[in-house]
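Undergrad: Handing you a structure now.
The values are calculated or read from the model by the stated rules, or taken from the named source; none is laboratory data. Just so it is clear, the model here is predicted, and its values are computed rather than measured. Please note: Cβ atoms are built from the backbone with ideal geometry, for glycine as well, and neighbour counts cover all protein chains shown. Heavy atoms of the whole protein, side chains included, go into the accessibility calculation; ligands, DNA and RNA do not. Shrake-Rupley method; radii C 1.70, N 1.55, O 1.52, S 1.80 Å.
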Amino acid sequence: MLFYIAFVGVKLFNSGAPALSNSLKGYAVYDIEAVPHEPVSVRSLDDWFRKRVVVYPTSSALVDLRFKSYDELFSVPALLYQVSQIFYWLLIGFLILCIKKLFGSFRRDEVFTTRNASLILWGSTVLILLPVMRSITQHLFINCITKLHLNDSGYSLRNGVGFIAAETMIGLALLAFGLVFKTAIDIKKENDSFI
């Protein structure tokens, strides 16, 4: 939890851009599709069959955005992106808090409780929401670059992540486990009241 608080503090209060760039604030986003404006040469079949190592470059990129003026930094597209980024970090923080509380309950030997079932269900819901929020944040990032005409890279940028990722599958499995856990708690309560 302390590491998470330090991470968010650094992200919020650090400029995130190199000092020599004369930027007020910088953000870096992974997994953006970057397509060069100039066409890349196509591989021939001779390359495919005769080479020992065949490399396929992907269009996945890390994109750095640097705001050089307060007008850019506080524009509507930039604020929308920044708010969505903070919300994404808050979702991660909430997930860490759920895990911390759940393991704290397990340590106190409080396993089958309604609170633990709720923590599992809320944690799984947040896990399912993380890829959705990441995709929305990436879309707002690209929208910010487009609306403010900041793309001087020579690449066309597109959203490279979808709404479904590994977190979605883990979240769905945890959601099913949470529902079974909740049902087990209800059965346990019925048995205790019957006795």
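Undergrad: For region 139-195, restrict the atom set to alpha-carbon positions and state the Rg and Dmax in Å.
TA: Rg, Dmax (Cα atoms, Å): 23.4, 73.
Undergrad: Could you work out what % of the accessible surface of the chain is carbon and sulfur, using a 1.4 angstrom probe and leaving DNA, RNA and ligands out of the count? Mind showing how you got there, number by number?
TA: Values: 8800 of 13310 Å².
Ligands and nucleic acids excluded, carbon and sulfur reach 66 percent.
Undergrad: Which value, to two decimals, describes the C-alpha radius of gyration of the chain once divided by 2.2 N^0.38 Å? Please report the intermediate quantities before stating the final value.
TA: Values: Rg = 23.0 Å, N = 195, 2.2 N^0.38 = 16.3 Å.
Against the compact-globule rule of thumb, the ratio is 1.41.
Undergrad: Of ILE32, GLY93, SER75, whose Cα points farthest to the positive end of the dipole of the chain (charges on the beta-carbon: +1 Lys, Arg; -1 Asp, Glu; origin at the Cα centre)?
TA: GLY93
Undergrad: With the crude spin-label approximation of a point 7 Å out along Cα→Cβ, what separation in nm comes out for ASP152 versus SER105?
TA: 5.4 nm
Undergrad: Given H placed 1.01 Å from N in the peptide plane, which residues other than close sequence neighbours of LYS25 have an amide H under 5 Å from its amide H?
TA: Those lying under 5 Å, H to H, from LYS25 are PHE67.
Undergrad: Once both axes come from the Cα atoms, what is the angle between helix 76-107 and the longest principal axis of the chain, in degrees from 0 to 90, rounded to 10?
TA: Approximately 30 degrees, to the nearest ten.
Undergrad: Return one whole number: the accessible area per residue of the chain in Å², for a 1.4 Å probe. Write down the numbers at each step before the final one.
TA: Working: 13310 Å² over 195 residues.
Each residue of the chain exposes 68 Å² on average to a 1.4 Å probe.
Undergrad: Per residue of region 133-143, what does 6.51 cos²θ - 1.76 cosθ + 1.60 with θ = phi - 60° give for ³J(HN,Hα)? Whole Hz please, x for Gly and Pro, Karplus curve as stated.
TA: For region 133-143, the Karplus-derived couplings read 5, 5, 5, 5, 4, 5, 4, 5, 4, 5, 4 Hz, x marking Gly and Pro.
Undergrad: Which ³J(HN,Hα) values, rounded to whole Hz and listed in residue order, are derived for region 20-36 from phi using the Karplus coefficients 6.51, -1.76 and 1.60 in 6.51 cos²θ - 1.76 cosθ + 1.60 with θ = phi - 60°, glycine and proline given as x?
TA: Using θ = phi - 60°, the values come out as 6, 7, 6, 9, 7, 8, x, 10, 10, 10, 8, 6, 9, 6, 10, 10, x Hz.
Undergrad: With θ set to phi - 60° and the Karplus curve 6.51 cos²θ - 1.76 cosθ + 1.60, what are the ³J(HN,Hα) couplings of region 114-127 in order, to the nearest whole Hz, using x for Gly and Pro?
TA: Rounded to whole hertz, the list is 5, 4, 5, 4, 5, 4, 5, 5, 5, x, 5, 5, 5, 4.
Undergrad: Using just the helices of the chain, give the 222 nm mean residue ellipticity in deg cm²/dmol: DSSP H runs with n ≥ 4 each add -39,500 (n - 2.57), and the total is spread over all residues, rounded to 500. Don't skip to the end; give the middle numbers.
TA: Details: 6 runs with 117 residues, N = 195.
Rounded to the nearest 500, it is -20500 deg cm²/dmol.
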